[in-house]
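The values are calculated or read from the model by the stated rules, or taken from the named source; none is laboratory data. These numbers come from a predicted model, not from an experiment. Positions of Cβ are generated from backbone atoms using ideal geometry, with glycine treated the same way; all protein chains shown enter the neighbour counts.
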Amino acid sequence: MPSPVGVAGEAAPQAAVRGPNWDNRFTVLILFLPPALLLFTLFVVLPIGEAAWYSGFNWNGFGRPTHWIGFDNYRFVLETRAFWLALRNNGLIIVVSLAVQLPLALTLALMLADKFRGAVALRMLFFMPYILAEIATGLIFSFVYDGDYGLVASIWRTFGAEPPHLLASTDTAMLAVLIVIVWKYFGFHMMLFIAALQSLDKSLVEAARIDGATRSQALRHVVIPLLYPTIRLSVFFAVVGSLQLFDLVMPLTRGGPADSSNTMVSFLYNNGISRMRVGYGSAIGVILFAICVIFAFTYKRWFMRDE
Amino acid sequence: MSNAETTSAPLDPAVPFKAVFLAIVAIFVLVPLLATLLGGFKSLGELRVNPFGLPQHWEWRNYADILFSGRYWQLLRNSLIISTLTVTLTLIVASMAAFTFAHIRFFGSSMLLSYLTLGLLFPAATAVLPLFIKVRDLGLLDTYFGVALPQVAFSLAMSVLLLRRFFKDIPHELLEAALVDGCSYIKFFRYVTLPLSRPILATVGTITFVNSWNAYLLPLVMLNTDALYPWPLGIMVYQGEYSSEWHLILAFITLTILPTIILFLLAQKHIVAGLTAGAVKG
């Protein structure tokens, strides 16, 4: 806090009340804070509020919204089969993240957290898909899955089978997308775990070993519990990531065929944005917003209270 | 760092299993990338019969044609302009706000900070339609700023939090001494805080850059003119035009992800630190 020996002597009487350097600090307050607040309010907060407002209208985005229809847009959204498919797909992404990606990332982290020749190179290799643009990743895999030229087709042909068009079938499109998601994101979660493992107090593990715990016992009863905060964080990222997944889906399937691989955001794009149905699209946006906020708050309250 | 020597027992039976497992994952990651790189060197006919192996005839023309076309460079230029605008503005605006939150106590300070961190709760996609209308009403549709400004706004929350945490760790005595000597807060910010904060500025800058460089949805909604498209939009257009001429598309993909991979190899430390930041609580 400001020292009692101030330089406020010559300033207005008020300065004495507000402490030394008040003018100085006031200048900073006036100059430094508004740009951030203004940008954030204008482009983040207001649009969310406006989405709630627009969602009450039947509006194509031109002129001003005048045709008020109340909550009908929400009803239309909830009556759309594609919406529930998208929601189910987001659920599937979360399940795969928890059941496949997280154990994979954790296993790899435990293998690569220790230093040995090649460990750093492997870490970087596994992290690399994460920094590639989702669009590029999606295009790469639409080649991998291509029924005529792709890698999968070539493997099928060596066994003399007719190559499948994985992305063109409602049965396999979402599965194909899920594999790409694991490919792209496991490295990120692995890095989270590696960072946590490296800041872990090694003496606890050593103490357990000295007390006669086997390697796997030490892992199960000491290391993993110490990683719980990171596991919770990793789950949090997986869920939030699934809720905003879009770029990856577009080059692969555009949400199709027959909406079978839509995520919430690609559903929003296909039904609201690309057709400029502002009211309908805003209603989807508000629902997605509500899901995100409710999830974030309940998750933080239930699982991340100590952080 | 990790003092692993203690745990490496000689001739662990798990070692071969571990090696096989790591090899499988490495192949899983590498094969699609290598097939993309090599596919760009093949003819379409060869790609069909030999998508995995090395090309029998190296078709340098696929790559050369793209590199000597104005199109590729224009896409990279647009991406670079948008990303640079976004990074510069984010660093300036976020570091000023973070400095205020770190060093100045005022009524409502913690409230305003939590207001900003609301931005972490939801993705830009939720409000993209109203955002489009806002950008249109501001006359910024189909301009670089129409993409960059919303990107800055959405990267503020994370950036301010990371910067503030770092700024707070700069010894307070330093600030007090400077103030007693008649240095203003603004001068302190400019000549002490910023130079001392290079690592975190690099980290925040890198995250923002990677996000902006790879972004698809915002430019897709805000830009209509091909000449302004950043590369993720451009490559989708390209793919639409050459729909099944995969050898060309693969060459194009390789060339567009090349800058990212080079940046990654040069700035690994900052990228890993930045993209996993917020995870490791300091």
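For the residues A:F116, A:F159, A:F127, the requirement of being more than 16 Å from B:A35 (Cβ to Cβ) and away from chain B (no Cβ under 14 Å) singles out A:F159.
Of all helices (runs of 4 or more DSSP H) completely enclosed by segment B:122-216, which ones contain at least 1 residues that are in contact with a Ser or Thr (Cβ under 8 Å, 6 or more places away or on another chain) and small (G, A, S)? So that I can check it myself, show each step before the final result.
On the way: elements: B:128-137, B:144-168, B:172-180, B:185-188, B:198-214.
Of the helices (runs of 4 or more DSSP H) lying wholly inside segment B:122-216, those with at least 1 residues that are in contact with a Ser or Thr (Cβ under 8 Å, 6 or more places away or on another chain) and small (G, A, S) span B:144-168, B:198-214.
Note on segment B:88-115: among residues that are in contact with a helix residue (DSSP H, G or I) (Cβ under 7 Å, 6 or more places away or on another chain) and more than 10 Å from chain A (Cβ to nearest Cβ), the one that is nearest to B:L217 (Cα to Cα) is B:L91.
In segment B:42-54, how many residues are within 14 Å of chain A (Cβ to nearest Cβ) and in a loop (DSSP other than H, G, I, E, B)? Result for segment B:42-54: 6. Applying the condition of being surrounded by fewer than 19 Cβ atoms within 10 Å (Cβ to Cβ) and of a type in the set (A, V, I, L, M) to segment B:34-71 and asking which residue is nearest to B:Y229 (Cα to Cα) yields B:L67. Go through the residues of segment A:237-255 one by one and say whether even a single one is farther than 30 Å from B:I133 by Cβ and within 11 Å of chain B (Cβ to nearest Cβ). Taking every residue of segment A:237-255 in turn, at least one turns out to be farther than 30 Å from B:I133 by Cβ and within 11 Å of chain B (Cβ to nearest Cβ). Of the set (1) of a type in the set (S, T, Y); (2) part of a loop (DSSP other than H, G, I, E, B); (3) within 14 Å of another protein chain (Cβ to nearest Cβ), all apply to A:T66 but (3).
Criterion first (in the same structural domain as B:I81 (by TED's automatic domain parsing), hydroxyl-bearing (S, T, Y), touching an Asp or Glu at 6+ places or on another chain (Cβ under 7 Å) and under 30 Å from B:L140 (Cα atoms)) does B:Y229 satisfy it? Against the criterion (in the same structural domain as B:I81 (by TED's automatic domain parsing), hydroxyl-bearing (S, T, Y), touching an Asp or Glu at 6+ places or on another chain (Cβ under 7 Å) and under 30 Å from B:L140 (Cα atoms)), B:Y229 does not qualify.
Only residues that are in a helix (DSSP H, G or I) and touching a helix residue (DSSP H, G or I) at 6+ places or on another chain (Cβ under 8 Å) were counted across segment A:225-269, and they come to 28. Scanning segment B:64-87 finds no residues that are in contact with an Asp or Glu (Cβ under 8 Å, 6 or more places away or on another chain) and more than 8 Å from chain A (Cβ to nearest Cβ).
In this structure, does B:L118 turn out to be facing another protein chain (nearest Cβ under 8 Å), closer than 30 Å to A:S242 by Cβ and out of contact with any Ser or Thr (no Cβ under 8 Å at 6 or more places or on another chain)? In short, yes.
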